[in-house]
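The values are calculated or read from the model by the stated rules, or taken from the named source; none is laboratory data. A quick note: this is a predicted structure, and the numbers were derived from the prediction, not measured. When we count neighbours, we look across all protein chains shown, and the Cβ atoms used for this are built from the backbone with ideal geometry, even at glycine. Just so you know, the surface numbers come from the protein's heavy atoms only, side chains and all, with ligands and any DNA or RNA stripped out. Shrake-Rupley method; radii C 1.70, N 1.55, O 1.52, S 1.80 Å.
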Amino acid sequence: MSLNQLIRKIPFFNYSYVFESQKKIFVSCFEEVGSRGAFIMQKDLAAFEKNLATYTGANYAVGVANATDALEMLLNVAGIGPGDEVILCSHTMIATASAVHSNGAVPVPVEAGADHLIDPESIEKAVSPRTRALMPTQLNGRTCNMDAILEIAERHNLLVFEDSAQALGSRYKGQHAGTFGVGGCISFYPAKILGCLGDGGAILCNDKDVFQKLMLVRDHGRNPETGDIDLWGRNSRLDNLQAAFLDLQFKEYENVINRRRQIALIYQERLAGLEQLVLPPAPGSDENHFDVFQNYEIEAEHRDQLKAYLAEHGVGTLIQWGGKGVHQFKKLGFNLSLPYTEKLFERMLMIPMNMSLSDEDVHYVCDCITAFYSGK
Ligand SMILES: *Cc1c(COP(=O)(O)O)cnc(C)c1O
């Protein structure tokens, strides 16, 4: 086919799409909440937290300002501090590591495996006498092989925290991301699967003591019953208005996940034959994993040329984290090499995966990729 006949504009992510497609509902929600003056810690936040906990099967959900704060506070209330090491995957957002650093502890990045998630063998090698916790990232909407991770944690007596910022609804053996260890964070950054109109986050946890501390820490350590300050805290509340927006969209969440899995299936069917690509595991291909496809991250030969070719043809793509693993940010003092992960970062590319895509858009992206490699 000739691609020149018709160049579509397919942005990697369309930030106005969610608002524009449900504008009336958002505006009437704004009017309703606004005229109640319900901006901070009101019933809309409590209702959303309840729905989030019910959906994920967590005992508790705590709405906070963003997922980075969520991780920091979670580690803090679990007692992570100076002298502790926390093992995490180098293929994650810097926020995973900074949450460790900001608690005075040391983030220890290890290799990603073939599915781009933390590699249990590399965890095992990195365990030291100072290791206190493992913090896997449930990346791209997929939950790690938690059996292997929990087994290592148990054998070495380590805590488990999940950076499940990208994984609301993702499951391993039927259990939701964010519910395997002490707690897990969820991000509602607009480009996340459940995005708000600004920043937002939540912490899932099962332990009542952890929950109660988090409820205090997010609100200055203030005890709502006595007015006393029970512990050092901060201001990291999820805006009530954002919670109301989130709760609105949450009603449609299963449809959103289904659509994303459908898009992944089209990519799988159209691209699996290209030997120059490695695709993520197809939806339904492994009964232990239920993936929600926050991202569709492929590995590609001639990655940079492919990216440029797609851009010329109107298709936006993204290289996650600017193309570097955590341990490659040398200015932060990291001094180690993780060869497998470094090689992955030369090959990985995220192609469009969002709710604004029509089937035709997805096929167009596939046409472009196929055309690129047919010229190789
Ligand atoms: C988005 C993201 C975060 C941070 O989320 P914020 O809500 O923006 O703070 C942390 N970890 C991962 C893996 C993410 O994708």
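Scanning region 177-187 for residues that are more than 13 Å from Cys144 (Cβ to Cβ) and within 16 Å of the ligand (Cβ to nearest atom) turns up Gly183, Cys185, Ile186, Ser187.
Scanning region 26-46 for residues that are assigned to a helix (DSSP H, G or I), touching a helix residue (DSSP H, G or I) at 6+ places or on another chain (Cβ under 6 Å) and aliphatic (A, V, I, L, M) turns up Val33, Leu45.
State whether one or more residues within region 66-79 are away from the ligand (no atom under 14 Å from the Cβ) and closer than 24 Å to Glu297 by Cα. Checked region 66-79: no residue is away from the ligand (no atom under 14 Å from the Cβ) and closer than 24 Å to Glu297 by Cα.
Applying the criterion of being open to solvent by 20 Å² or more (accessible area, probe 1.4 Å) and closer than 19 Å to Gly79 by Cβ to the residues of region 115-157, the residue that is farthest from the ligand (Cβ to nearest atom) is Pro129.
I need a count of the residues in region 191-216 that are more than 9 Å from the ligand (Cβ to nearest atom) and either open to solvent by less than 40 Å² (accessible area, probe 1.4 Å) or hydrophobic (A, V, I, L, M, F, W, C) (or both).
Taking region 191-216 and keeping what is more than 9 Å from the ligand (Cβ to nearest atom), we get 193-198, 202-216.
Among the residues that remain, those that are also either open to solvent by less than 40 Å² (accessible area, probe 1.4 Å) or hydrophobic (A, V, I, L, M, F, W, C) (or both) are: 193-198, 202-205, 210-211, 214-216.
Of the residues in that region, 15 qualify.
Residues in region 40-76 that are in contact with a Ser or Thr (Cβ under 9 Å, 6 or more places away or on another chain) and without any contact (Cβ under 8 Å) to a residue 40 or more places away in the chain: Glu72 alone. Residues in region 84-100 that are surrounded by fewer than 24 Cβ atoms within 10 Å (Cβ to Cβ) and within 8 Å of the ligand (Cβ to nearest atom): Met93, Ala95. Taking the criterion of being more than 16 Å from Met350 (Cβ to Cβ), in contact with a helix residue (DSSP H, G or I) (Cβ under 6 Å, 6 or more places away or on another chain) and surrounded by fewer than 17 Cβ atoms within 10 Å (Cβ to Cβ), the only residue of region 281-325 that qualifies is Ala282.
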